[in-house]
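Please treat every number below as a calculation from the coordinates, not as lab data. Note that the coordinates shown come from a computational prediction; the quantities given were computed from them, not determined experimentally. Please note: Cβ atoms are built from the backbone with ideal geometry, for glycine as well, and neighbour counts cover all protein chains shown.
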Amino acid sequence: MQLRTNLYMTAVQQKKWTYLVILTLIWGSSYILIKKSLIGLSPLQLGSIRILISTVILLLIGYSSLKGLSKKQWKWIVITGFIGTFFPSFFFAFAQTQIDSGVAAVLNSLTPLATLFFGIFFFQFSIQRRQIWGVLLGLVGSIWLVLEDASITPNQNGWYVGLIFTSSVCYALNVNILKRYLQDVSAMAITLGNFIFISIPAFIILCFTGFFKTEVLHSSEVWESFKYIVLLSIFGTVIGKIMFNKFIQFASPVFASSVTYTLPIVAIGWGVLDGETISFWQLVAAGLILYGVSLVNKKAPKQTSID
């Protein structure tokens with residue numbers, strides 16, 4: 001019996017790390033795809049089209065998954081759709097008009113810290129001293145990173161950093177809600193349900209952006225950007241969201257959100273290949289953030305816990 005339990009726990013651990021690696025590669029590449037999509041499209045167009053393409057794909061592959069959902073489950077599906085997908089889709093699109101993709105990815109690594117914060121104050125998580133230090137180090141690293149980025153590219157608007165912080169808060173709330181209220185709902189049903197509701201305002205927004213004007217639809221830049229949005233929708237949104245919603249069902253909220261501190265490695269790599277500048281001190285600041293998040297995720301001895 002003990003052997004069977006040990007084998008099961010080992011399999012779960014391997015599964016958790018497999019999901020973490022795959023999501024790191026997928027979402028780490030999303031930032032460069034957003035950057036390329038913005039060449040021919042506005043942030044509002046990018047966010048809307050991304051949501052609409054993802055909705056069509058999800059309807060084609062997962063319509064039957066919606067059967068049997070209760071009204072209470074639908075309520076939380078709608079809420080997580082807006083918090084976890086709708087608003088961040090637009091926030092990141094706007095933020096990356098002013099902030100390099102690698103820096104945006106590193107700043108988004110604050111999600112586990114925000115996850116811990118909401119878990120403690122709203123979802124009754126316990127906290128250890130080293131996690132407090134992790135939060136503080138993460139915040140210091142974030143401020144340092146923003147200041148370094150401002151010194152390298154002084155023409156960038158630092159206020160757009162707030163959009164990434166807001167997205168991290170949205171993701172953190174989303175993770176905790178998924179874990180608490182939608183644990184038993186299939187990942188496909190959650191994802192498709194999310195997009196059915198957020199596709200309505202996304203389409204309305206797109207109609208007001210002038211996207212359907214003839215000169216826009218015949219623009220070569222628009223169609224070049226459209227290719228990147230398709231890739232972003234298929235991998236970064238559809239596959240990524242389904243995997244993450246499944247991930248959160250067998251991993252803790254903080255561990256699942258840890259993907260945000262592994263994906264900057266991939267995002268920074270793509271950014272450097274695309275000509276973005278990353279200074280030594282930015283890397284140091286990024287390392288401080290990642291170390292802080294690692295402290296948040298590491299379990300402390302019971303005697304050091306703070307109840």
Task: Environment charge of PHE226, counting only residues whose C-beta is closer than 14 Å and scoring Lys/Arg +1, Asp/Glu -1 - done: +1
- [ ] Counting other beta carbons within 10 Å of each Cβ, put PHE250, PHE212, PHE235 in order, fewest first.
- [x] PHE212, PHE250, PHE235
TODO: Counting other Cβ atoms within 10 Å, keep those with at most 13, restrict to DSSP loop, and tell me which chymotrypsin sites (Phe, Trp or Tyr not before Pro) in region 41-101 are left.
DONE: none
- [ ] Within 10 Å of each residue's Cβ, count the other Cβ atoms and sort TYR228, TYR160 from fewest upward.
- [x] TYR160, TYR228
Task: Whole-Hz ³J(HN,Hα) from phi, Karplus 6.51 cos²θ - 1.76 cosθ + 1.60, for region 60-77, glycine and proline x - done: 5, 9, x, 4, 5, 6, 7, 5, x, 6, 7, 4, 5, 5, 4, 4, 6, 5
Open item on the list: Please give me, ordered by residue number, the trypsin sites (Lys or Arg not before Pro) of region 203-258 that lie in loop per DSSP and have at most 15 other Cβ atoms within 10 Å.
Closed with: LYS213
TODO: Determine the sum of side-chain charges near ARG50: Lys and Arg each +1, Asp and Glu each -1, restricted to other residues whose C-beta is under 15 angstrom from that of ARG50.
DONE: +4
